[in-house]
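So the structure is just underneath, and the comments pick up after that.
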Amino acid sequence: MPSRVKLIVLDLDQVLWDHHDATSLTLPLRRIDERTLVDSSGDKVVLREGVRDFLEKAKDKGVYLSTCSWNEPEKAIAVLRTFQLDRYFDLLMIEPHPEKDRMMGKILNHFAPKGVREEETAFVDDKEEMLEKVRRRYPKIKTLRFHPDGDVYSFRDLEKILLGE
């Protein structure tokens, strides 16, 4: 484990929110409450408990935040904006393909001039195969599976692991 995590990279679907595929949503979106939005066909997206606190604490500690998501950018960004979460992220890496190792390369290149190294990076995803792709190409990145059978399944636990809270 790195001595200090300087960059946290988060998947979106099934990590930040409970929905399985933001690309399937029908725009426009409407926010119902602090943690819930609905698309124009009635499909709901519920934000995971503790997401905002986690993002705020990461920013307060000077940790960079990025997304790494396989989605249509327009729709995933619409969800982030509707929840007013886009402001926490230093980089929104959202592309319509499953090559998260390629996306991670772009993310690392983006943050390298800011002094962030591979071993100071953590990647959180719900799918083991996505984590494995990234591990094969970037073995020094700390990877965490956000899943009931994974490494972590709450933002409170993620906070303890990555932010030492």
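The values are calculated or read from the model by the stated rules, or taken from the named source; none is laboratory data. Since the model is a prediction, treat every value here as computed from it, not as a measurement. Note: ideal-geometry Cβ built from the backbone for every residue, glycine included; neighbour counts use all protein chains shown.
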TODO: For E129, work out the one condition from (1) acidic (D, E); (2) touching a strand residue (DSSP E or B) at 6+ places or on another chain (Cβ under 7 Å); (3) free of Cβ contacts under 8 Å to residues at least 40 places away in the same chain; (4) more than 30 Å from R30 (Cβ to Cβ) it doesn't fulfil.
DONE: (2)
Task: Looking only at the range 32-52, and only at residues there that are acidic (D, E) and touching a residue at least 24 places away in the same chain (Cβ under 8 Å), the one that is surrounded by the fewest Cβ atoms within 10 Å (Cβ to Cβ) - done: E49
Open item on the list: Of all residues being part of a strand (DSSP E or B) and not aliphatic (A, V, I, L, M) in the range 53-77, which is surrounded by the most Cβ atoms within 10 Å (Cβ to Cβ)? Just the residue, please.
Closed with: S69
- [ ] Say whether the condition of being over 16 Å from M130 (Cβ atoms) and either of a type outside the set (V, I, T) or loosely packed, with under 14 Cβ neighbours inside 10 Å (or both) is met by at least one residue in the range 92-105.
- [x] yes
TODO: Kindly establish whether V46 is touching a Ser or Thr at 6+ places or on another chain (Cβ under 9 Å) and among the β-branched types (V, I, T).
DONE: yes
TODO: Please state which of the following conditions E129 fails to meet, knowing it meets all the rest: (1) over 14 Å from the mean Cα position of the chain (by Cα); (2) outside any helix (DSSP H, G or I); (3) of a type outside the set (V, I, T).
DONE: (2)
Task: Qualifying positions in the range 1-31 - of a type in the set (A, V, I, L, M), buried (at least 16 other Cβ atoms within 10 Å of the Cβ) and either touching a helix residue (DSSP H, G or I) at 6+ places or on another chain (Cβ under 8 Å) or modelled with pLDDT under 95 (or both) - done: V5, L7, I8, V9, L12, L16, A22, L25, L29
Task: Which listed residue is in contact (Cβ under 8 Å) with a residue 60 or more places away in the chain, more than 27 Å from R31 (Cβ to Cβ), buried (at least 17 other Cβ atoms within 10 Å of the Cβ) and not small (G, A, S), from E159, E120 - done: E120
- [ ] Report whether or not V9 is among the β-branched types (V, I, T), touching a residue at least 60 places away in the same chain (Cβ under 8 Å) and in a loop (DSSP other than H, G, I, E, B).
- [x] no
TODO: Please state which one of L80, L108 is buried (at least 20 other Cβ atoms within 10 Å of the Cβ) and in a helix (DSSP H, G or I).
DONE: L80
